[in-house]
Amino acid sequence: MEPSPLPLTTHVRTARPADLPAVIGILRAQQHAFGFIRTVAVAKEIERGEVLLGEREGIPVGTAIFHHRRDGITTLHAVAVRPDVAGTGVGRALLDRVETLAREQGQRCVRLKCPIDLPGNGFYARLGYARLTIEMAPKRPLAIWLKELPPPGQRRRGPPTFYLSLTHSASEIRQIMRLWDAAGDPRDPFRHVVFTPLFAEKATFRLIQQLKQDRGSTVMFDSGGYQVQMGRIGFPDLLTRLLELYRTHTWADWYVLPDHVPKSTDSDDEVAAKVNDTLHAARFFLRHLPDRFAERALAVVHGRTIDQIEQCLDTFSALGIRYVGFGSFTTAGRRGSVNQVNKLSLSLLSKVYQKASQLDLSLHIFGVGSPYHIRCFQSQDIIPNSFDSSGWWKSAGFGNIFSTDGNQMQITEMPSARHTITEAKKAMNRTNHECNFCKNLSILRKIRIYRVMHNLSIMNELVHSWRST
Ligand SMILES: [Zn+2]
């Protein structure tokens, strides 16, 4: 009997150390293209997260090795496909993923070399690569291929990237990852995560490093400006400790520069001083970190006036920073710990958005609390490149569940429980929401982690269906 052909969907993921034999096997089958393959070198590339594995039904069928250079060029060292599935889209899936990863890193282009006598050259031409030149290498001539990636300004059209804000213990994060994976929703919210390494538990720090290795997650280091705001550390202290940390841990994708966060109760002079502190800190960090650091830095815009906001954006742009963040929502509550979107902050955000677009800067919004905030941004036609949120987790703790229309409902208070469950059911039906965690609303009422998961599912759904109203 003929073996049935493998199905045509290729699942691409970051290779793990255990995949080394599979990767080597695929490369060796293409030895004529790559020459001698050094296992030790490939093992190192896997450790650095620079190797992708393409699978069909769990069977490795292809691999790609790449490197994001600090000058904005992503080099592709190898693309190899098992001979029996050649020409069925595995190579294309691998290359698509490399390009996506490169774009997410803000890289300018992907470049590769291919011996001119190999059929691979036609493949690269079909995928939109341009042949730059022929390099006369010692063994045989190599064609140099290059594909430009669209600049940030043109990327703003797609939905924003949702960075999961992981501020919890490693065991809790593991629990929500397990629950998410078991539910089988392929829209993986753990692909982009942000946390504050300076104040995270060691186990959380290690878990996030692991996430980068195993899941290929994009990791953003937050600065801990919030901790200054809460009075847990002084701003000068934060600068010293953060600089040391950023020097030591070079594996993150994005580094948030330290910001001195104004409070709504601050006087105008105090706000002005904090804006100056923030600008000064950005210059200080760029001076003391390697040349290419600016390309991975995310600088936070602060200010109460349009002038202050413009001053921030102009300064950051002049420093070579390409990614800016906004988090100046009005602070309320104890020590200003709760972010609220009001008219003033929304109009400032709108200004930041316009000016950042003009300067071709990408925009991140910090601390998006709930679906309501997202609806506010959409009503103003604000489409950031990314945002982060931990509100889905916090709200669940207060007994609140989200719905995609922007509302949230308190469902744990005893007296009104029956009433709210009926209301919640109606809301889920009205918004066509379905997830594994809210099938039984009585359980949702009793178990916090189910509310956490449902809220996460709602946030994820909103991102994937992002639209302006
Ligand atoms: Zn749900």
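The values are calculated or read from the model by the stated rules, or taken from the named source; none is laboratory data. This one's a predicted model, so the numbers in the text were calculated from it and none came from an experiment. Every residue, glycine as well, gets a Cβ built from its backbone with ideal geometry; the counts of neighbours run over all protein chains shown.
Filtering region 418-469 down to residues that are of a type in the set (Gly, Ala, Ser) and assigned to a loop (DSSP other than H, G, I, E, B), which residue is farthest from the ligand (Cβ to nearest atom)?
Initial filter on region 418-469 (of a type in the set (Gly, Ala, Ser)): 424, 427, 442, 457, 465, 468.
Then drop every residue that is not assigned to a loop (DSSP other than H, G, I, E, B), which leaves 465, 468.
Details: Ser465: 14, Ser468: 24 Å.
Among those that are of a type in the set (Gly, Ala, Ser) and assigned to a loop (DSSP other than H, G, I, E, B), it is Ser468.
Search region 182-196 for residues that are more than 15 Å from Gly367 (Cα to Cα) and touching a residue at least 60 places away in the same chain (Cβ under 8 Å) and pair each with any residue that is among the polar types (S, T, N, Q) and surrounded by fewer than 16 Cβ atoms within 10 Å (Cβ to Cβ) when their beta-carbon atoms are under 6 Å apart and the residues are at least 6 apart or on different chains.
Ala183/Asn436
Somewhere in region 274-286, is a residue within 21 Å of the chain's Cα centre (by Cα) and modelled with pLDDT of 90 or more? Walk me through how you get there before you give the answer.
Going residue by residue through region 274-286, those that are within 21 Å of the chain's Cα centre (by Cα) are none.
The answer is no; no qualifying residue exists.
What number of residues within region 97-130 are touching a residue at least 12 places away in the same chain (Cβ under 8 Å), over 21 Å from Ser217 (Cβ atoms) and not hydrophobic (A, V, I, L, M, F, W, C)?
The total comes to 10.
Looking at the structure I just gave you, is Thr167 among the β-branched types (Val, Ile, Thr) and part of a loop (DSSP other than H, G, I, E, B)?
Yes: the conditions hold for Thr167.
Hey, does region 151-164 have a residue that's of a type in the set (Ser, Thr, Tyr) and assigned to a strand (DSSP E or B)? Spell out the reasoning first.
Initially, region 151-164 is screened for residues of a type in the set (Ser, Thr, Tyr), giving 161, 163.
Narrowing the set further to residues that are assigned to a strand (DSSP E or B) leaves 161, 163.
Within region 151-164, one or more residues are of a type in the set (Ser, Thr, Tyr) and assigned to a strand (DSSP E or B).
So, of the residues in region 432-469 that are polar (S, T, N, Q) and in contact with a helix residue (DSSP H, G or I) (Cβ under 9 Å, 6 or more places away or on another chain), which turns out to be farthest from Arg191 (Cα to Cα)?
We begin by selecting, within region 432-469, every residue polar (S, T, N, Q); these are 432, 436, 440, 442, 455, 457, 460, 465, 468-469.
Now drop any that are not in contact with a helix residue (DSSP H, G or I) (Cβ under 9 Å, 6 or more places away or on another chain), which leaves 436, 440, 442, 455, 457, 460, 468-469.
On the way: Asn436: 20, Asn440: 28, Ser442: 31, Asn455: 17, Ser457: 14, Asn460: 12, Ser468: 24, Thr469: 27 Å.
Across region 432-469, the extreme among qualifying residues is Ser442.
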